[in-house]
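Inspection log for the structure reproduced underneath, given as structure tokens.
The values are calculated or read from the model by the stated rules, or taken from the named source; none is laboratory data. Since we're looking at a predicted model, the values are computed, not measured. Note: ideal-geometry Cβ built from the backbone for every residue, glycine included; neighbour counts use all protein chains shown. Heavy atoms of the whole protein, side chains included, go into the accessibility calculation; ligands, DNA and RNA do not. Shrake-Rupley method; radii C 1.70, N 1.55, O 1.52, S 1.80 Å.
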Amino acid sequence: MHKAHAICDGGDLDCGSGLLLIIKKSMDPLLNGQILEVRSRERSVVEDLPAWCRMVEHEFLGSEPGNNTMRFFIRKGSNQAELEMDLQAAKGYEWSVRVRGEKDLTAKVHSRNHTFIAGKPADFSPKVNAPSAIDYLLASLASCLTVGYKAQASRKNIEIDHVELSLKGSLENVLFHMELEDEGSPKIKQIVGTFYVSSPESEEVLEELWNHTLVRSPIYQTLKQVCRIEIKLSIVF
């Protein structure tokens, strides 16, 4: 449709989860009147991107199907003063939760527009009323890596069929946490697991994507400073 002066790929991101920052960063080096091609596979972008362009005085030129993506074309306007403000706001963003104690040794967690229940940290039953804080910690790491891997793949237009991550964690001395022993530490000793991925891409591409995901993961990079983490990449053909 148009000859673009620059291209950015948002993969599966929508306008509310980082795509606009990617667009603004890619738009910044362009001169007024030059064209940016935005690639995205997220359906909501079709409606949200033209509205955003009108708000910030860029010209939305249209869209067309691409190779496993949609291609959107934007002509840069003169209003880019908000870019640095948005980047600084993103850097200073703080996640917040509110937790209230409930009956039966549970806690209700309020996070943005979601509410969930957390149970006792040490409960060895196969069935519990609510996941424990340790379950949520492992789930946080697993979801960060799983969603992160898919997001990195979508931005690089790498085809992924299926991903699954299985994790196990153990404490240095759970009996110390339960006040049954007076020596040791209750901290997490290790986290081990396997990340399964099915894809027509080569092993080299998938391994590079995995390593990049680990580098960019806030949960992994935080936890690896305090406990041993060993997650094996298993490519399923």
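Of the residues in the stretch 216-224, at least one is assigned to a loop (DSSP other than H, G, I, E, B), open to solvent by 50 Å² or more (accessible area, probe 1.4 Å), modelled with pLDDT of 95 or more and not β-branched (Val, Ile, Thr). Flag not set for LYS127, criterion: more than 23 Å from GLU42 (Cα to Cα), exposed (fewer than 14 other Cβ atoms within 10 Å of the Cβ) and touching a Cys at 6+ places or on another chain (Cβ under 8 Å). Exactly one residue among GLY16, GLY77 is over 25 Å from GLN152 (Cα atoms), at pLDDT below 90 and assigned to a loop (DSSP other than H, G, I, E, B), and that residue is GLY77. Pairs meeting the criteria (first residue in the stretch 11-27 and of a type in the set (S, T, N, Q), second residue outside any loop (DSSP other than H, G, I, E, B), beta carbons under 7 Å, at least 6 apart or on different chains) are SER26/ALA6; SER26/CYS8; SER26/LEU36. Pairs meeting the criteria (first residue in the stretch 183-199 and more than 16 Å from ARG228 (Cβ to Cβ) and open to solvent by 40 Å² or more (accessible area, probe 1.4 Å), second residue at pLDDT 95 or above and polar (S, T, N, Q), beta carbons under 6 Å, at least 6 apart or on different chains) are TYR196/SER234.
Test GLU207 against the stated conditions and say whether it is without any contact (Cβ under 8 Å) to a residue 40 or more places away in the chain, of a type in the set (D, E, K, R), within 28 Å of VAL99 (Cβ to Cβ) and touching a Leu at 6+ places or on another chain (Cβ under 7 Å). Answer is no for this residue.
Would you point out the residue of the stretch 27-52, among those that are part of a helix (DSSP H, G or I) and buried (at least 19 other Cβ atoms within 10 Å of the Cβ), that is nearest to the chain's Cα centre (by Cα)? Once the filter is applied, the top-ranked residue is VAL45.
If the condition is being charged (D, E, K, R) and either touching a residue at least 40 places away in the same chain (Cβ under 8 Å) or not in a loop (DSSP other than H, G, I, E, B) (or both), then the stretch 53-74 contributes ARG54, GLU59, GLU64, ARG71.
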